[in-house]
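First up is the structure itself, then whatever we jot down about it.
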Amino acid sequence: MEEAYRRITEYLNRFSDAVSSQDGASLSSLLSLSSNHPFLLSLADSLILFQDASRVFKQSERFSQYSEIITHLFRSLQNYRLGNLVDAYQAFEKSANAFIQEFRNWESASAWALEALYVLAYEIRVLAERADRELTSNGKAPEKLKAAGSFLMKVFGVLAGKGPKRVGALYVTCQLFKVYFKLGTVHLCRSVIRSIETARIFDFEEFPKRDKVTYMYYTGRLEVFNENFPSADHKLSYALMHCNPRREANIRMILKYLIPVKLSMGILPKDWLLEKYNLVEYRDVVQALKRGDLRLLRHALQEHEDRFLRSGVYLVLEKLELQVYQRLVKKIYIIQKQKDPTKAHQVKLEVIVKALKWLEMDMDVDEVECIMAILIYKNLVKGYFAHKSKVVVLSKQDPFPKLNGKPIES
C-alpha cells in the first residue's frame, strides 16, 4: 500500500512540476495512456490497489487545483488497465474537457502546452476507436468516435483564434480528418478546410511540416473522391515531396492515391517504385496501359477489387479503359504504318473488333464505333468516321494526343 501511495504522489508531483515549469514534453508523457509506458502501467496498478486516490491530492493545495483533470484521468487509467475501454473513454473525455478549460485560462502563455494538447487529441481519437470496437462486440451501437469528433471540434475552436496557439489548429484538423474518414462522414471536412484555407489568421507555411504533410494527404484524398485530379495531384505531390523519406509506410499511403491520379493523367510509375513500396496491385494496371490490353486491365481490377474499393480508387482505375482503347488503336495504327504508310490513317472498325477478340473481349462493330466516338469526343483520338465504310480516318498530324499531365476532358 505504501508503494502505491508513493507512485500516486510521484505522478502528482510530476504533473504539478510540468505545469509550473511549463514543460510541455513532460506533461505530454503523463497524459499518454496508449503509450503503455511502464510508469503509467505501474501507476494504474497502484490506483487499482489504492481505491481512494482523490484523498491524496486533497491533502495538498498544490495538487487540488488540477483535481478535475487528474481525478477523471486516474479513473480512465484504471479502466484502461482493466480493459474497460468504454469507461476509460468516458473518463478520459471528462479529463480532457477539464484540461481544455485550464488551457483557456492560461491564455497566450498556453502555447507551451500545445504538445500536451496534441497528445489529448490523439488519445481521445484512439480511445474512441477502441471503445467503439468494445461496444460493437457487445452488440451495442458505436458512438464514441462521433463524440470524439465533437470534442476535437471544440479544441479546434480554442486554437483557431489569434496568437501563438493557432499553429496547433492543423494537428487537430488532421485528427478530425481521421475521425471523419473512419466514420464515412468526409463531407464534414469541408467546414474545417474552409477555416484553414480562407481564414486570414492562418499562414499555411507557419504550420509544422508533419501537420502540413498529413493535411495535404487527406485533402488530396478528398480531391480524388471528387475527381478533381489536378488539385489531387498538387496536394498529394506536396505530401510526397515533404514526407520524411524514412517513413516508408507513410510514403506508401500517399502513393496509393497519387498513382491512380497520375495514371488518369497519362503518367505511368516506374516498376522499381511499385516494388519498393509494395504497390504491386498496380503493376498489371500499368502494363495494361502500356500494351493496350483491356483484358489485363479488367483482370487486375477484378483481382484487387476489394483493395481498390476500400481505398476508394476503383472508379478512377476503371475509367482508365479509355486510355487502354487509345493505346490499342495506336498499336493497330503503328502496325498498318509499317505495312502500308499511305493507308495507315484509315483504321477499319472490324480490325479493332478482331484485336479485341484476340484479347477475348467480345464486341461487335456498333459497340466499337461507340467507343471510338467517345475517344474522339474526349480528344484521345483525332479523326472522324466514314460511316458507310465503317472506317475511322485518323488525323495525319498527332492522331493520338498525349494527356501531358492533364486529366481526360469531360
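What to note about this one:
- Accessible-area composition of the chain, carbon plus sulfur, in percent [1.4 Å probe]: 50
- The convex hull defined by the C-alpha atoms of the range 2-207 has an orientation-averaged projected area of 11.7 nm².
- Per-residue Karplus couplings for the range 283-291, computed as 6.51 cos²θ - 1.76 cosθ + 1.60 with θ equal to phi - 60°, are listed in order as 4, 5, 5, 5, 4, 4, 5, 5, 8 Hz, Gly and Pro entered as x.
- Over the chain: helical MRE at 222 nm, DSSP H runs n ≥ 4 each giving -39500 (n - 2.57), nearest 500: -21000 deg cm²/dmol
- Degrees between helix 349-358 axis and first principal axis of the chain (Cα, 0 to 90, nearest 10): 60
- Accessible area of Phe39 in the full protein assembly, 1.4 Å probe (Å², nearest 10): 30
- The accessible area of Ile408, taken with all protein chains in place and a 1.4 Å probe, comes to roughly 40 Å².
- The residues of the range 323-394 present an accessible area of 59 Å² per residue when probed at 1.4 Å with all protein chains retained.
- R0 of 45 Å, Cβ-Cβ distance Lys209-Arg6: FRET efficiency to nearest 0.05: 0.60
- The C-alpha atoms of the chain define a longest principal axis, and helix 169-183 lies at about 70 degrees to it.
- Using only Cα coordinates, the Kirkwood hydrodynamic radius of the chain works out to 25.2 Å.
- Shape of the range 323-394, Cα gyration tensor, a/c cut at 1.5: rounded
- Of all lysines in the structure, the ones whose alpha carbon falls short of 20 Å from that of Lys235, not counting any fewer than 8 places away in one chain, are Lys178, Lys209, Lys212, Lys256, Lys262, Lys406.
- Karplus (6.51, -1.76, 1.60) ³J(HN,Hα), θ = phi - 60°, over the range 70-86, in Hz, Gly and Pro reported as x: 6, 4, 5, 5, 4, 5, 5, 5, 4, 5, 4, 5, 7, x, 8, 6, 5
- The mean accessible area for residues of the range 2-207, using a 1.4 Å probe and ignoring ligands and nucleic acids, is 46 Å² per residue.
- Here the 3J(HN,Hα) profile of the range 126-139, calculated from phi with Karplus coefficients 6.51, -1.76 and 1.60 at θ = phi - 60°, is 5, 4, 5, 4, 5, 5, 5, 5, 5, 4, 4, 5, 9, x Hz, Gly and Pro shown as x.
- Rounded to 10°, Cα long-axis angle of helix 189-198 versus longest principal axis of the chain: 90
The values are calculated or read from the model by the stated rules, or taken from the named source; none is laboratory data. Everything quoted here is computed from the prediction, not taken from an experiment. Here Cβ is always computed from backbone atoms with ideal geometry, including for glycine, and neighbour counts include all displayed protein chains. Ligands, DNA and RNA are excluded from the accessible area calculation, which covers all protein heavy atoms including side chains. Shrake-Rupley method; radii C 1.70, N 1.55, O 1.52, S 1.80 Å.
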